[in-house]
1. Are there any pairs with C-beta distances below 7 angstrom linking a residue in region 210-225 that is more than 17 Å from Thr161 (Cα to Cα) and in a loop (DSSP other than H, G, I, E, B) to a residue that is aliphatic (A, V, I, L, M) and away from ligand 2 (no atom under 11 Å from the Cβ), with the two at least 6 apart or on different chains, and if so which?
2. Please indicate, with yes or no, whether at least one residue in region 61-72 is within 16 Å of ligand 1 (Cβ to nearest atom) and touching a Leu at 6+ places or on another chain (Cβ under 7 Å).
3. All but one of (1) under 23 Å from Ala21 (Cβ atoms); (2) of a type outside the set (Asp, Glu); (3) in contact (Cβ under 8 Å) with a residue 40 or more places away in the chain hold for Met333; state the number of the condition that does not hold.
4. Let me confirm something: among Met191, Met203, which residue is assigned by TED's automatic domain parsing to the domain that holds Leu152, within 16 Å of ligand 1 (Cβ to nearest atom) and either assigned to a loop (DSSP other than H, G, I, E, B) or under 15 Å from Asn110 (Cα atoms) (or both)?
5. Yes or no: Leu373 more than 9 Å from ligand 2 (Cβ to nearest atom) and in contact (Cβ under 8 Å) with a residue 60 or more places away in the chain?
6. When you go through Asn141, Asn97, Asn127, Asn110 one by one, which is the residue that is among the polar types (S, T, N, Q) and over 23 Å from the mean Cα position of the chain (by Cα)?
7. Identify, from the list Gly230, Gly259, the residue that is among the small types (Gly, Ala, Ser), part of a loop (DSSP other than H, G, I, E, B) and in contact (Cβ under 8 Å) with a residue 60 or more places away in the chain.
8. Restricting to region 348-380, give me the number of residues that are aromatic (Phe, Trp, Tyr) and either surrounded by fewer than 20 Cβ atoms within 10 Å (Cβ to Cβ) or in contact with an Asp or Glu (Cβ under 6 Å, 6 or more places away or on another chain) (or both).
Amino acid sequence: MSNILFATSEVFPLIKTGGLADVAASLPRALIKLKHNVRIVLPGYASVMKAAAGDVKKVTVFDVDGEPVTLWKTLLPGTRVLVWLVDAPAFSERDGNPYCGPDGFDWPDNAQRFLLFAKVARLIALNQAGLDWPVDVVHCNDWQTGMVPALLAQDNPRPATVFTIHNLAYRGLFSWDTFVSLGLPHELWHMDRLEFYGQFSFMKGGLVYADRVTTVSPTYAEEIQTPDAGNGLDGLLRHRQAVLSGILNGIDADEWNPGTDKHIAQTYNRRTLTNKEKNKVALQERSGLEVSEKPLLGFIGRLVDQKGVDLILSNLPQLLSEGCQCVILGSGMKDYEERLAQLAQEFSEQLSVTIGYSETLAHQIEAGADIFLMPSAYEPCGLNQLYSLRYGTLPIVHAVGGLRDSVIDFAEPTQTDATGFMFYQYTAHGLYNAIQRALAAFQDKKIWRMLQNNGMSKDLSWQRSAEEYGRLYGELLE
Ligand code: ADP
Ligand code: GLC
């Protein structure tokens, strides 16, 4: 039984901006089922302290470089997973998004904030925070925790470290002046360490110093070793190839289960698939769309370049004119938000755009749509295509990263194992062709049913992936 400290900057349902929160909520639980002792350490953002308020216990108070830090413990709501909350003014005295202010710009002191978080994680990892819990492996996630392996590399003895890349595009880059103000050891400013083309990168702390580096799909693990998807770090990742691997994310099969989903109009499963239609009607009604049997396309996600929003925007007028309907939920870049809202005004009977964040609507789209669009330019793993498979909502995906690893293209009319549609050229036309193939299949109820059935029968749970992480920890502890 090993003790695993899982360091993350978000975890559902306490705080979520993207898929990392979903992973941080379900991977620890799957590991616990495999008899690992996993505990989470999370910044105590104001909203988290509020969300956990009724159920927190003060554990200890100490100073880090003169900054007062209080550690609280709580249970991840609805689970038995223990979470330590790092309560310091930089986290707990600020409302809103964990990474950026209301103006959409990063908090100016992010380097200070997440270095402080890393220092606290290091103390816990070394069993020096007064918690009496010896740690075997520290599992870090994305740039916000990248400094944990870098700091621990200076300690001996120390626990083993794993660093998981959820998105290499966010490298945690800061200036030389910031580097100096943080008082980091001078030797870290080196191209083989944290320095990155005249700046320095928290992400590199994880990539250079962790004992093992993982990412969230096997294909993305290959892609990031090439200049196209390497974000300038491909050379380093090729250098670390021997310790780099890709493990596909699973999904929380309780949270995303059409058979028990509390957010949707009518639950259903493979045998009661006709009930899915009631969710389509409910979605059309709540979205102000004409109630009809027209194909209904769904999209949920951050409205940023990564997600292929430009390809969707280029195709929408044509698709809506041809009689498709579409429901979109997301927020992000103002330009995308405005262009989508504008189109929704023009095509109010066929297109509904909700700018914002809604767990409930996300579930209702997964249940109510016929087709789910995920034309991401790149996608480390992607969770919504997995939810879609589970909900019998056929995904149309660009053949990259985790999308490529989780969807089987219906390429041949005789093919019996397909679960969705894939396109290979990242162009509006490429997406259009895939949608046309999907619409053709949609006309044939028998084929559609087979494809839905294939997706819904897939085992998308965390178990297999958690076993892979378990093996990795085991290798490190040998
Ligand atoms: P990423 O982490 O790159 O944003 P993922 O597909 O891994 O992409 O995970 C995104 C998660 O966030 C999914 O659970 C998705 O349902 C959710 N999500 C994204 N945008 C919204 C939104 N506007 N409302 C509700 N859920 C959202
Ligand atoms: C990132 C990626 C996404 C992945 C998620 C969880 O945000 O963009 O593809 O599914 O992390 O690993």
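1. Taking only residues 6 or more apart or on different chains, the pairs are Ile224/Leu237; Gln225/Leu237.
2. Kept after step one, since they are within 16 Å of ligand 1 (Cβ to nearest atom), are these residues of region 61-72: none.
The answer is no, given that none of the residues of region 61-72 is within 16 Å of ligand 1 (Cβ to nearest atom) and touching a Leu at 6+ places or on another chain (Cβ under 7 Å).
3. (3)
4. Details: Met191 fails: within 16 Å of ligand 1 (Cβ to nearest atom).
Matching residue, one of Met191, Met203: Met203.
5. Values: more than 9 Å from ligand 2 (Cβ to nearest atom): yes; in contact (Cβ under 8 Å) with a residue 60 or more places away in the chain: yes.
So Leu373 fits the description; yes.
6. Numbers: Asn141 fails: over 23 Å from the mean Cα position of the chain (by Cα); Asn97 fails: over 23 Å from the mean Cα position of the chain (by Cα); Asn110 fails: over 23 Å from the mean Cα position of the chain (by Cα).
Unique residue meeting the criteria: Asn127.
7. Details: Gly259 fails: in contact (Cβ under 8 Å) with a residue 60 or more places away in the chain.
Result of the check over Gly230, Gly259: Gly230.
8. Of region 348-380, the ones aromatic (Phe, Trp, Tyr) are 357, 372, 378.
Subsequent filtering for residues that are either surrounded by fewer than 20 Cβ atoms within 10 Å (Cβ to Cβ) or in contact with an Asp or Glu (Cβ under 6 Å, 6 or more places away or on another chain) (or both) retains 357.
Final tally of qualifying residues: 1.
The values are calculated or read from the model by the stated rules, or taken from the named source; none is laboratory data. Please read these numbers as outputs of a predicted model, since none were measured by experiment. Virtual Cβ from ideal backbone geometry, glycine too; neighbours counted across all protein chains shown.
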